[in-house]
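K.L.:
If you scroll down you'll find the structure; I have some questions about it.
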Amino acid sequence: MKPRTSRFSTEWGVYFGATLVCCALTCWFLQLWRADLGIPFAYGIRDELMVAMSAKGLIENPWVYYNAYLGMPFGSVMFNVPQPDIFFYLILKLLGLTTSRFGLVMNLFYLLTYPATLLCTLYVFRQFKLGYPAALLGSFLYTFLPCHFMRGESHLFLAGYYFIPLVAMLMFQVASATPPLLKEGDGKWPRLAWPGRSTIGTIIICLITGSSGVYYAFFASVLMLLAGSAAAAAQRRLAPVISSILLTGLIGATVLLCISPHLLNGHGNVIARVSGDAETYALKISQLLLPLSGHRWERLALFKNSYYFNAPLVNENDAATLGFIGSLGFLLLLGWVAVRMMGASFPWLAGDDQRVLSLAAILTLGATLLGTIGGFGSLFAVLISSQIRSYNRISVFIAFFAFLAVALVIDRGIGARLAGRTAKLFYSLGLGLIAALGLYDQTSTSFVPSYDKIGSIFRSDAAFVRKIEKKMPPGAMIFQLPYLTFPEASEYDLSRGYLHSRHLRWSYGAMINERSDLWQREVKALPLPEMVRTLVGAGFSGIYLDRRIIPNSAAVEEELRALVGEPPLVSEESGLSFFTLPAGPG
């Protein structure tokens, strides 16, 4: 038996080495040597710009609820939309203490999700007593899921799924002899456990889950209750279901605490959702099993394209693909449900291992039935709330269970039976080869950001805004056209002015139905001459136009030029123009 210090050193050595390999693979898959880390990996007109606004806002302001540089003339107050991502905002805030470059903050946040996912997954797999080769295989494949790249910085917080293995671990603990937060009582009812290392760790995991966005918290809660109910029925005792209710309650209470500023100060939920969205953005089993779009092997890429361009309701759910090995794990778990129902037994698997696979299969089946088109998620949207709409995002839970099943079967079926260094060496090398093939299957050259194109647009926007700042005094207010609602808009293109400015204040970013937004709606409806007079009277110093999204921009610019008496600043590459307004009276 190895001394405790030797095992400890080995474990830390494996974790450290795995982290280095993960960082090297991340660099390779994203070709980071080509990147300028100060420029976001994603920079367009959609959700990544919303993330960029949050990152810059946290750098310049105390917290996310108010931004002194947006939503002029009264400022942007962010209470009308719930903000359940407090844990992620805190990470952005901490990263923002080290730099004033919002692009660097975004990139660091994103890049850190890879080693964080690997370490959390490896730790959890080791709790199931998996050997290092199988645990590392499953951890690397789970870390480099296609969705990790495809979510990217456009859905930055969804890419931060590293806590999913930890909350999934709690689901299995709920079904154990000692469920979390409980200890055996004198009678039928269990008692609450006094705080200890295990209890504190459980509470921390629930707090992180509840403060990391409503989607993962909702999915975790549903699956936790399913695990507790299934275990309680199988064991004929109340402890599992009571534990699951306590854990779900803690997660739910954390979500409510995170959105309490919205509940107390908001003017109602302004995010429009309809129950049909749960069908549009649902999970599709075909997309779990089909190869990823843009697969490295041309034949598979063409095969997937034929589905992508002909099947209905293909959208962000395209990111749910599990890859070949993950698909095998998914099918293994579905098959496990069938054979166990028929009474099959597997002597080479210990009873605890069979129970792990059984619960993983139940949770996989439950997650699939909840997320799939026409599933229980659609019923939830119709009967209870349509605010949860993108049920395809439950795929990260399904992927964890699938890779757990693959790693467990390989470890118990092969790894645990080997004797001798030579056999174990070939076993490890074989799993390394499988991991390499799995990573080849799960990644694509299309995941590499278009660094040159993004950099060109980014620098062009920055240069144009610098020209505006040279013409404007510090703190000058800029009115932006066309009027766009914020947030939940179809595009966030107008944020580019704010992102590249240092001391200007912008009209865009006024929270919908707040004071500035209502004022802007009235102003944008005025004839252009009256609009200019109103803006000057309100203290605005310029008008910024996005030619690409404003209707009949040439005619608008011509009329503005006649009104202000001078030509605009123009950025042909960015499609932007800017007019200086005459000074108001006094």
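K.L.:
Exactly which GluC sites (Glu not before Pro) in the range 427-508 are in a DSSP loop and have at most 16 other Cβ atoms within 10 Å?
P.N.:
Within the range 427-508, the qualifying GluC sites (Glu not before Pro) (loop, at most 16 other Cβ atoms within 10 Å) are Glu488, Glu491.
K.L.:
I'd like the trypsin sites (Lys or Arg not before Pro) in the range 129-222 restricted to DSSP loop residues with at most 13 other Cβ atoms within 10 Å, sorted by number.
P.N.:
Passing sites in the range 129-222 are Lys188.
K.L.:
In degrees from 0 to 90, rounded to the nearest 10, what is the angle of the helix 239-265 Cα long axis to the longest principal axis of the chain?
P.N.:
Roughly 10 degrees between the two axes.
K.L.:
How much accessible surface area, in Å² rounded to 10, belongs to the heavy atoms of His503 with a 1.4 Å probe?
P.N.:
Accessible surface of His503 is approximately 50 Å².
K.L.:
For the range 495-586, with the dipole built from +1 on Lys and Arg beta-carbon atoms and -1 on Asp and Glu ones, taken about the Cα centre, which of Gln520, His503, Gly542 lies farthest toward the positive end?
P.N.:
My answer, from the dipole projection, is His503.
K.L.:
Treating only the Cβ of Lys, Arg, Asp and Glu as charged (+1, +1, -1, -1), what charge dipole size does the range 188-288 show about its Cα centre? Round to the nearest 20 debye.
P.N.:
Charge dipole of the range 188-288: 500 debye, to the nearest 20.
K.L.:
Given the pairs Lys56/Lys453; Lys56/Lys129; Lys470/Lys524; Lys183/Lys424, which span a C-alpha to C-alpha distance of over 32 angstrom in this model?
P.N.:
Violating the 32 Å Cα-Cα cut-off are Lys56/Lys129; Lys183/Lys424.
K.L.:
Loop by DSSP (not H, G, I, E, B), at most 12 other beta-carbon atoms within 10 Å: where is the longest site-free stretch of the chain for chymotrypsin sites (Phe, Trp or Tyr not before Pro)?
P.N.:
Answer - 1-296.
K.L.:
Related question: Classify the chain as rounded, prolate or oblate, taking a ≥ b ≥ c as the square roots of the eigenvalues of its Cα gyration tensor: rounded when a/c is under 1.5, otherwise prolate if a/b is larger than b/c and oblate if not.
P.N.:
Since a/c reaches 1.5 and a/b is larger than b/c, the shape of the chain is classed as prolate.
K.L.:
May I ask you to compute the full-extension gain from Ala253 to Val570, defined as 0.36 nm times their residue separation minus their alpha-carbon distance, rounded to one decimal in nm?
P.N.:
109.1 nm
K.L.:
Output the relative contact order of the chain, whole-number percent, from Cα pairs under 8 angstrom with separation of 6+ residues.
P.N.:
Relative contact order of the chain: 19 percent.
K.L.:
Still on this model: Report the calculated FRET efficiency for Leu418 and Trp189 (r = Cβ-Cβ distance, R0 = 60 Å), to the nearest 0.05.
P.N.:
Result of the calculation: an efficiency of 0.85.
K.L.:
Might you report the magnitude of the Cβ-based charge dipole of the range 378-530 about its Cα centre, with Lys and Arg at +1 and Asp and Glu at -1, to the nearest 20 debye?
P.N.:
Dipole of the range 378-530, to the nearest 20 debye: 560 debye.
K.L.:
Using a 1.4 angstrom probe on heavy atoms only, work out the carbon and sulfur share of the accessible area of the range 398-540 in %.
P.N.:
Carbon-and-sulfur percentage of accessible area, whole number: 58.
K.L.:
Could you give the dipole magnitude of the range 1-96 about its Cα centre, charging the beta-carbon of Lys and Arg +1 and that of Asp and Glu -1, in debye to the nearest 20?
P.N.:
440 debye
K.L.:
Then there is this: Roll a 1.4 Å probe over the protein chains and send me the accessible area per residue for the chain in Å².
P.N.:
44 Å²
The values are calculated or read from the model by the stated rules, or taken from the named source; none is laboratory data. Given the structure is predicted, the values throughout are model-derived calculations rather than measurements. Cβ: placed from backbone, ideal geometry, glycine included. Neighbour counts: every protein chain shown. Note: accessible area is taken over every heavy atom of the protein model, side chains too, but ligands, DNA and RNA are not part of it. Shrake-Rupley method; radii C 1.70, N 1.55, O 1.52, S 1.80 Å.
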